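Reading through the structure tokens given below for one structure.
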Amino acid sequence: MPELSNLLLFAVASLALTATPGPDMMIVAARSAAQGRSAGFATYLGVAAGSFVHALASAIGLSQLFLIVPFAYDVVRYLGAAYLAYLAYQAFRSAQPSTKPGKTPVAVSMTTMFRQGFLSNVLNPKVALFFLALFPQFIDPTVGPVWLQIFVLAIILNIVGLGVNGTVILIASRAVSSVSTSPTFEKFAHYALGTVFGGLAAKLAFEERN
């Protein structure tokens, strides 16, 4: 296993990276503001689970495919953008009043929120490139299996991310506690959530690859 000093340095790097606002944080914050603390944590757990998929891909070398075959990168990028656009459509639709008398909106389950966080993370090729760029700097093949070191680093990243995003969730969800019963606020929250999803979809689709 890597030396403790190396793991601590990686934890500091993870803190700097997770504290920088990005797509995952924006999705978690928007979901928390729209539907509360539980929704935010469910979404973040999905994001964290997605990071283990990227860790696995990095361990077996799949992340390098994006560097070797640019077309593969674009395929995943457009799939991610399409999925985020679909989430935006769902959020905007939820903000509209029901056309059928007596029909109540269908609540989004925690499982669905987990899945949304998971897929939004997995379908973002920039996350895969992040793993490919950062993780090798903290891996030493002479101290143990590379795949095990990658997963240890992924666990540290998610623990640090939980602290950062947990704080974001608690702050964002406070907006819900006082006005969550207001139909106007609920409508606004869904529009805001849809705007976040739509903006991220456009950013992922049209942003130039670095």
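Quick note: the coordinates plus some simple rules give every number you see, no bench work behind them. The structure displayed is predicted, hence computed values, not measured ones. Neighbour counts are summed over all protein chains in view; Cβ atoms, including those assigned to glycine, are modelled from backbone coordinates with ideal geometry.
Of the DSSP H helices in the chain, those that are both long (alpha-carbon extent of 24 Å or more along the helix axis) and hydrophobic (Kyte-Doolittle mean at least -1.0) are 37-59, 70-95, 146-179, 183-206.
Each 10 Å bin from 0 upward holds the following percent of the Cα-Cα pairs of the chain: 9, 32, 33, 18, 7, 2, 0. Electrostatic bookkeeping for ASP24 treats Lys and Arg as +1 and Asp and Glu as -1; over the other residues with beta carbon under 15 Å from its beta carbon, the sum is +4.
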